[in-house]
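> Take this structure, written in structure tokens, and hold onto it; I'll ask about it next.
The values are calculated or read from the model by the stated rules, or taken from the named source; none is laboratory data. All values reported here derive from a predicted model rather than from experimental measurement. Here Cβ is always computed from backbone atoms with ideal geometry, including for glycine, and neighbour counts include all displayed protein chains.
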Amino acid sequence: MQLLAIQQAMAASSILATMPQVIESVGRPGFSAGLFDIARRFTGTEIVTAFVTAADGAVHTLLAENRQEPGRAALDVARRYVSRHWRADPANTVELDGTGSRDCWGVRMRASDIANPSYRSECYFSVGLSERFSLIQRRSGDTMRLSIYRRRKESFSDQEIAHLVESAPLLMAALWRHYEAEEPARDGTLPAFRARLAAVAPSLSARERDVCALIASGLTSEGIALELGVGINTVLTYRKRAYARLGISSQNELMRILM
């Protein structure tokens, strides 16, 4: 495992031309896909994930994107990682206490660096991954980690690592802003939506209420799948059932019920 200190001043002009589309999509459904496109352009990555660990230890999956069958392999990796393997990740041993709020670290890790065979198998070999480069930053007790993965038998070139190091301050700033924009889905708004649905549509199942509440909070189907730990097709099924019970066909109609 290789650890790199990344200074704020290292942001490079090569990435600046690609960042406006990401910045403009912060807080919107297209953010994850846009960030993935940039990461792929500069590194040839197949999977990108981002997680936030809160001060209380809770882990939030901010995004999970991949090239083939958008989101599917990345969602599988993210669910396995958070539910079973988070604590087995050597990157979590990096000591960030005492670093500044804008300091960023890069961690380059190969599958062979992982001692836990179950973690190595489920999050790397099962989806054909061999190497990961992560950007890590802490702010106000929360820790953000953006991870870029490469396929088996491939390795990041020095130039690809340089692109990630160069873009680190801008990428991490965009991720933090996106995380903050999603805050309503994690604060009191979500329980309020659930309670309103329980009152106006008691026939909905608990899972159908969850899906509708998350839709109302602005999450995409992929985001809801991450939040609930289920597949995208499962989310779509719950949405279809809920909309049928509510007699609606769109998010706008759902919002009118909740307002």
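> So for the stretch 173-181 (the condition being of a type in the set (Phe, Trp, Tyr), at pLDDT 90 or above, in a strand (DSSP E or B) and closer than 29 Å to PRO20 by Cβ), does at least one residue qualify? Lay out the reasoning, then the answer.
Going residue by residue through the stretch 173-181, those that are of a type in the set (Phe, Trp, Tyr) are 176, 179.
Now restrict to residues that are at pLDDT 90 or above: 176.
So of that shortlist, the ones also in a strand (DSSP E or B) come out as none.
No.
> Further question on the same structure: Going by the structure shown, is GLU227 at pLDDT below 90, assigned to a helix (DSSP H, G or I) and not assigned by TED's automatic domain parsing to the domain that holds LEU62? First the steps, then the outcome.
Values: at pLDDT below 90: yes; assigned to a helix (DSSP H, G or I): yes; not assigned by TED's automatic domain parsing to the domain that holds LEU62: yes.
Judged against the criteria, GLU227 is a match.
> What residue, of LEU236, LEU219, is touching a helix residue (DSSP H, G or I) at 6+ places or on another chain (Cβ under 7 Å) and part of a loop (DSSP other than H, G, I, E, B)? Even if it seems obvious, please write down each step before you answer.
Working: LEU236 fails: part of a loop (DSSP other than H, G, I, E, B).
Answer to the check: LEU219.
> Against the conditions (1) surrounded by fewer than 17 Cβ atoms within 10 Å (Cβ to Cβ); (2) at pLDDT below 85; (3) closer than 30 Å to GLY128 by Cβ; (4) charged (D, E, K, R), where does ASP158 fall short? Just the number, please.
With respect to (1) surrounded by fewer than 17 Cβ atoms within 10 Å (Cβ to Cβ); (2) at pLDDT below 85; (3) closer than 30 Å to GLY128 by Cβ; (4) charged (D, E, K, R), ASP158 is out only on (2).
> Somewhere in the stretch 25-33, is a residue in contact with a helix residue (DSSP H, G or I) (Cβ under 6 Å, 6 or more places away or on another chain), modelled with pLDDT of 85 or more, polar (S, T, N, Q) and closer than 26 Å to ARG151 by Cβ? Don't jump to the end; show me each part of the working.
Taking the stretch 25-33 as the starting set, the residues that turn out to be in contact with a helix residue (DSSP H, G or I) (Cβ under 6 Å, 6 or more places away or on another chain) are 25-27, 31.
When the remaining residues are screened for being modelled with pLDDT of 85 or more, the result is 26, 31.
Filter once more, so that each one left must be polar (S, T, N, Q): none.
Scanning the stretch 25-33, I find no residue that is in contact with a helix residue (DSSP H, G or I) (Cβ under 6 Å, 6 or more places away or on another chain), modelled with pLDDT of 85 or more, polar (S, T, N, Q) and closer than 26 Å to ARG151 by Cβ, so the answer is no.
> So, one more: Say we look at the stretch 118-133 and pick out the residues that are touching a helix residue (DSSP H, G or I) at 6+ places or on another chain (Cβ under 6 Å) and in a strand (DSSP E or B); which of these is nearest to PHE42 (Cα to Cα)?
Filtering the stretch 118-133 for residues touching a helix residue (DSSP H, G or I) at 6+ places or on another chain (Cβ under 6 Å) gives 119-120, 122-124, 127, 130, 133.
Adding the requirement that they be in a strand (DSSP E or B) leaves 130, 133.
Numbers: SER130: 18, PHE133: 13 Å.
Going through the qualifying residues, I end up with PHE133.
> How many of the residues in the stretch 182-204 are within 19 Å of GLU253 (Cβ to Cβ) and in a loop (DSSP other than H, G, I, E, B)?
4
> Another question about this same structure. Only one of ILE215, ILE248 is crowded, with 18+ Cβ neighbours inside 10 Å and either at pLDDT below 85 or not assigned by TED's automatic domain parsing to the domain that holds ARG80 (or both); which?
On the way: ILE248 fails: crowded, with 18+ Cβ neighbours inside 10 Å.
Step by step, each of ILE215, ILE248 is checked, and only ILE215 is crowded, with 18+ Cβ neighbours inside 10 Å and either at pLDDT below 85 or not assigned by TED's automatic domain parsing to the domain that holds ARG80 (or both).
> State whether the residues of the stretch 137-151 include one that is within 22 Å of VAL26 (Cβ to Cβ), among the charged types (D, E, K, R) and either over 18 Å from the mean Cα position of the chain (by Cα) or not assigned by TED's automatic domain parsing to the domain that holds GLY30 (or both).
No.
> Can you name the residue in the stretch 24-43 that is more than 12 Å from the chain's Cα centre (by Cα) and under 21 Å from ARG132 (Cα atoms) and, of all such residues, is surrounded by the most Cβ atoms within 10 Å (Cβ to Cβ)?
Looking at the filtered set, the residue picked out is ALA39.
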